[in-house]
1. For peptide B:240-247, what's the mean number of Cβ atoms from other chains within 10 Å of each residue's Cβ?
2. Could you sort B:248-259, B:110-121, B:3-14, B:162-173 so that the peptide with the highest average Cβ count within 10 Å comes first and the rest follow in order?
3. Gain in length, residue B:287 to residue B:91, computed as 0.36 nm per residue apart minus the alpha-carbon separation, to one decimal in nm?
4. Work out how much length residue A:122 to residue A:163 would gain on full extension: take 0.36 nm times their residue separation and subtract the Cα-Cα distance, in nm to one decimal.
5. Tell me, what ³J(HN,Hα) does each residue in the stretch A:58-68 have, in order and in whole Hz, if you take phi through Karplus 6.51 cos²θ - 1.76 cosθ + 1.60 with θ = phi - 60° and put x for Gly and Pro?
6. Please quote Rg/Rh for chain A to two decimal places, taking the Kirkwood radius as Rh and restricting both calculations to Cα atoms.
7. Contact order normalised by length for the stretch B:6-286, with contacts defined as Cα pairs under 8 Å and 6 or more residues apart; what percent is it?
8. Sum -39500 (n - 2.57) across every DSSP H segment of at least 4 residues in chain B, then divide by the residue count to get the 222 nm mean residue ellipticity, nearest 500.
Amino acid sequence: MPPLLRLTQACFGYGGKPVVRDVDLEIQPGQFLGIVGPNGGGKSTLFKGCLGLIAPLAGRVERFTRRLGYVPQREHLDSIYPLRVDEVVHMGAYGRLRGWRGLSTEDRRLAQECLERVGLAARARAQFSALSGGQRQRVLIARALMARPELLLLDEPTSGVDRGAQQQILELLLDLNRRERIAVLLVSHQLQMVREAVGEVLWVGGGRVQRGEASTLLDPAHLDRQYGSETADARTLED
Amino acid sequence: MEGVPWGERILLFRWALLAALVASAICPLVGSFLLLRRTSFYGITLPLFATLGVVLGFTLLPWWIGHVGLGGLSVEAALSDSHAAMNYHFAWAAALTFAGLGALVALGRRGGTETGRVAAAFAIANASTILLGRLSPLGKGFVDELLQGEILGVGVHEFEMLAVLLGVVLVLFVVFHRELLLVSFDREAALVLGVRATALEALLHGITGLCVAAGTMIVGPTLLFGLLVLPPLAARRWARSMTSFLVLSGAFGLLSALGGILAAFQWDLPLGAAIVGTAALLLVPGLLRPGAGA
């Protein structure tokens, strides 16, 4: 089966200076991968490279699907916008709009379905900025689902929300992954959460990427042996 | 104006009143995006660049007519109400507006504080307008009227030009408002969805520049400042969705124009300033209302 995304000796950075180097990576349909590592280690840079938001400085990035769903960190979205929940979800179809025409009936129905899938159909007319952090995160997942994604990419989806909301978001992602075979790639600094939820991880640190089983790679003893103080930062944050 | 029946006043100043109504309905739509993108100061600074362009146009007018020509017009004829002279001044207003906007955007990409940049641009454009105006007294009366917000002198040519240019702004806005919203709210998501973010941002800057250049040239910076900033601010207090925000911005703009026209005729006030004053009054109920707001 062809992969959804393939990175070959890819190198990403800013202003010509590499932050992560020589990344070889394939993401297959139905995979669930986490990107973890210390702050400043290059997680976000690799994530943006996978999304196509930054071009590789070297190597190759091949996307074999156009159906990407992207969930940003909700803190990056300005609450000054007087958006309703359904208006945010509708944005997921704006890439398909042509000229004068607005959303199709099909897209409106799909938006309703996506809100139902994340359990927020009843809040469709609520103000997006008035929702709790966890609810806003689920609205953004619903927006990403509007692209009918084969690959869902999430940037810190459980950061800054309480344990209950974290659990709801994780269960939702696992459900989408298992039932609909949507591949998931998520960035997180919460090692314990990733260890419990994710099968495989990409450890990004010191400009390098290592892929392995979450249970092995994120085992505290292994982390201390391999990286020493480099992991302290990441593990402190999860507490 | 005392003693002149209202019907006659309306007939006499119909083009100015129509210009005020058109500008009041459309400029707040552009201002609503300036507010959401937290670039409302652009709405105050860019009209000054457009004014500077008009003053520069007057300063260079004798040279221009001597060396380039302006449809065979003399300097005296070019100072009167003619299409060729209006196009000439609009070209200068647009050139300086887009130059100012381009400089602000380009400098913004190099970091630093936006407030500082815009404040510096405001000071420079304002001082340059005064200095150039002093160096070249040509067209002083026209510029003084613009700065004071007295727009009753607007004639049919000016109204036609304003209606066409703001009509273009409105059409572009209606066609692309969803994509412009997405790019403004979440640029990265727009890129992932295949929306051409850079082109749309350029379009938004183009719409802003066109609105500012046309508005400043015809109804003056005083009215334009107010229309770009105040109705969207009032609307933000009441809006429960993006659609209602845009509709309310335009509606508050129109209400301001109607109230301003009544006040200007009743108390013999400059029309532009009276409209801005009414727009400011419309802010008050929203400010007294507890809850969300900008």
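1. Working: counts 6, 9, 9, 4, 2, 3, 1, 0.
Mean shielding count: 4.
2. Peptide ranking by packing, descending: B:248-259, B:162-173, B:110-121, B:3-14.
3. Roughly 66.6 nm would be gained on extension.
4. 12.5 nm
5. 8, x, 9, 10, 10, 10, 9, 9, 9, 8, 9
6. Reported Rg/Rh, Kirkwood definition of Rh: 0.97.
7. Values: 391 pairs, mean separation 90.1, N = 281.
Once divided by the residue count of the stretch B:6-286, the mean separation gives 32 percent.
8. Taken over chain B, the calculation gives -28500 deg cm²/dmol.
Each reported figure results from applying straightforward, stated rules to the coordinates on display, with no laboratory input. What you see is a predicted model; the values in this text were computed from it and never measured. Methodologically, a virtual Cβ is constructed for each residue, glycine included, from the backbone with ideal geometry; neighbour enumeration extends over all protein chains shown.
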